[in-house]
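The values are calculated or read from the model by the stated rules, or taken from the named source; none is laboratory data. All values reported here derive from a predicted model rather than from experimental measurement. Methodologically, a virtual Cβ is constructed for each residue, glycine included, from the backbone with ideal geometry; neighbour enumeration extends over all protein chains shown. We work out accessible area using only protein heavy atoms, side chains counted, and drop any ligands, DNA or RNA first. Shrake-Rupley method; radii C 1.70, N 1.55, O 1.52, S 1.80 Å.
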Amino acid sequence: MAAEWFYKLNGTDIGPVSSSDLVELAVAGKLAPGAAVRKGDGPWVAAETVPGLADRVGRRRAEPPPLPAASPAVAEPRGRGFAMVSASAAEAFEVLDSAEDDGFRVEILAYPRLGGSRDAHAAQQVFFANRAGMKLKQVRITLKDGQALSEAGALHFMLGALRMESKVGGVGGIGRAMMNRFLTKEAAFLPRYHGTGQIYLEPSFSHFFIHRLAGEEVIADKGLFYCCDGALEVGAAVQKSISSALFGGEGWFQTRIRGRGLCVLESPVPADEIIRVDLKNETLQVDGNFALMRTGRIDFTVERSTKSLMGVFTSGELLLQTFRGVGSVWLAPTQDVYERLREGGHSALALASRNSSTSTESR
């Protein structure tokens, strides 16, 4: 249905929106009977005079929310279960993904829909975010006599019998922490949470996915780490080849996560667009900087697309990220699509790309 209607909100013209969108706004109580609306370049008229809106505007009245039930914010853990927020608060979220271990559970939450804002500009942004299907997400960690690590500054709020600490370990510890931040783009000091309760990290429109480590090591791109079980170790891993350090897009160091437990990584694309490629003494070559992480015994190098320089120039492909060995590599093939859309709009994808996308710059 064509988007051809405009309406005024706090003196600001908003639109165009479709007829169905306008009806939806009226049903939601966001259009008062006297609200000004117009179709296309037509005159402004009162919403209550428009056929199809007259019986909808003003019908829904704003009412104060019901008082919450008399229950504690955090329930007592039951057996191997976990503390939870009250039922009324839990209804605000939908759970996109979750996983748990002894004493530790992590969930990727999403607000199904943002209700709006009293600021006209923010309300317009919220409207289009809702129409585009963008969901505000939040990571929730639930501990039962457990521990968790997160990026510094990621805490939104926490409740329960929890304490937070950030051990430095003297001057040497400060030096190592600052070096780790310089090398991996992760926070210099990762706050550690202890106890029983819930930790909510900052909400955003970003994407997250959960990965379970079974005693192995994950090598991830800089800045992907978000939070994890306190039993895991987070640090820096040096590139093993000069070519990967100079031309791999990540420099000499990447983030290393190792141990046994759950971690959450922040992804540049939705989790369902990530592909895991399992290698069994095989070779994977990638034209671009969209390999997010790897596990197992895999050698990472950057190589010419062909053995001869003439072949490189005639093929149109220059350098390829190359993974060899036994293990898994996680790819985000649509990452470049979003970057091209952001920079050039739909016209950037009008034709299939014929340029090598391998970059020597970090994300």
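A few remarks follow.
- Shown here for region 6-55: chymotrypsin sites (Phe, Trp or Tyr not before Pro) in loop regions (DSSP other than H, G, I, E, B) with at most 13 other Cβ atoms within 10 Å, namely TRP44.
- Neighbourhood charge, 9 Å Cβ-Cβ cut-off, centred on VAL329 and excluding it, Lys, Arg +1 and Asp, Glu -1: +1
- Over 32 Å between alpha carbons, listed pairs LYS30/LYS135; LYS39/LYS137; LYS137/LYS222; LYS135/LYS222: LYS39/LYS137
- Extension gain from GLU233 to PHE157, taking 0.36 nm per residue of separation minus the Cα-Cα distance: 25.0 nm
- You can think of it this way: the chain between ASN10 and ARG276 has 90.9 nm of extra reach, that is 0.36 nm per residue less the Cα-Cα gap.
- Solvent-accessible surface of protein heavy atoms, probed at 1.4 angstrom with all chains present, puts ILE141, ILE210 in the order ILE210, ILE141, largest first.
- Amide N of region 185-229 lying under 20 Å from the label point, which is placed 7 angstrom from the Cα of GLU165 along Cα→Cβ: 188-199, 228-229
- You can think of it this way: the chain between VAL337 and ASP41 has 103.0 nm of extra reach, that is 0.36 nm per residue less the Cα-Cα gap.
- Accessible-area ranking of HIS207, HIS346, HIS194, HIS121, largest first, probe 1.4 Å: HIS346, HIS121, HIS207, HIS194
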